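Here is the structure we will look at, set down as structure tokens.
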Amino acid sequence: MIDSLSPLAATVAERLKARQATVAVAESSSGGLISAALLAVPGASAYFLGGAVVYTAKARMSLLGVTRERVAGMRSSSEPYALLLARTVRENFGADWGLSETGAAGPTGNPYGDAAGHSCLAVSGPTEMAITLETGESDRVANMQAFARRALELMAAALDG
């Protein structure tokens with residue numbers, strides 16, 4: 001699965017290293033693929049500070065320290081939530097950049113009414129961006145790969161900006 005992400009991860013890694021910048025990742029429905037792709041690039045210790053698979057509310061609290069109060073009125077799998085995760089992981093790790101993903105990999109949707117293939121992704125750093133991806137697919141593994149690919153593309157775009 002990581003092989004298809006390797007060229008894009010290498011591009012992101014190259015840009016981070018050139019800027020002497022660091023990244024931390026909080027991901028959910030991509031299941032660790034974003035972190036794995038970045039870590040598969042030789043020299044990852046120069047730019048990758050850490051990551052967390054924040055798949056549940058318990059994980060969000062335990063791994064990032066994000067309380068229920070901080071997400072009150074905020075829906076999971078939304079752009080504001082993705083930005084909160086990106087900002088929090090950046091701050092918690094002391095990274096230059098935070099990258100996050102939250103969604104519904106499938107084969108069914110999530111409890112919040114999102115269909116399979118829905119993901120919100122965000123970067124937080126010198127610039128911030130959040131986007132929503134809808135693959136229209138129910139294939140869990142294909143969606144996980146699509147989510148990770150789009151997150152890396154978003155990170156590359158942020159580094160270009």
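The values are calculated or read from the model by the stated rules, or taken from the named source; none is laboratory data. In this text the structure is predicted, and so the values were computed from the model without any measurement. All Cβ positions, glycine included, derive from the backbone under ideal geometry; neighbour counts span all protein chains shown. Side chains are part of the model used for accessible areas, which takes the heavy atoms of the whole protein and leaves out ligands, DNA and RNA. Shrake-Rupley method; radii C 1.70, N 1.55, O 1.52, S 1.80 Å.
Structure data summary
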{"read-out": "Among the residues listed as 18, 52, 24, 46, the single one being open to solvent by less than 20 Å² (accessible area, probe 1.4 Å) and either among the aromatic types (Phe, Trp, Tyr) or under 20 Å from residue 158 (Cα atoms) (or both)", "value": "24"}
{"read-out": "Hits in region 69-101 (condition: within 15 Å of residue 30 (Cβ to Cβ) and touching a Phe, Trp or Tyr at 6+ places or on another chain (Cβ under 6 Å))", "value": "76, 77, 101"}
{"read-out": "Subset tally (residues that are part of a loop (DSSP other than H, G, I, E, B), open to solvent by less than 10 Å² (accessible area, probe 1.4 Å) and of a type outside the set (A, V, I, L, M, F, W, C)) for region 55-108", "value": "2"}
{"read-out": "Qualifying residue in region 17-27 (condition: farther than 24 Å from residue 142 by Cα, in contact with a Ser or Thr (Cβ under 8 Å, 6 or more places away or on another chain) and touching a residue at least 40 places away in the same chain (Cβ under 8 Å))", "value": "no"}
{"read-out": "Filtered residues of region 17-53 (kept if in contact with a helix residue (DSSP H, G or I) (Cβ under 7 Å, 6 or more places away or on another chain) and in a helix (DSSP H, G or I))", "value": "17, 33, 34, 37, 38, 44, 46"}
{"read-out": "Residue 89 being of a type in the set (A, V, I, L, M) and under 22 Å from residue 144 (Cα atoms)", "value": "yes"}
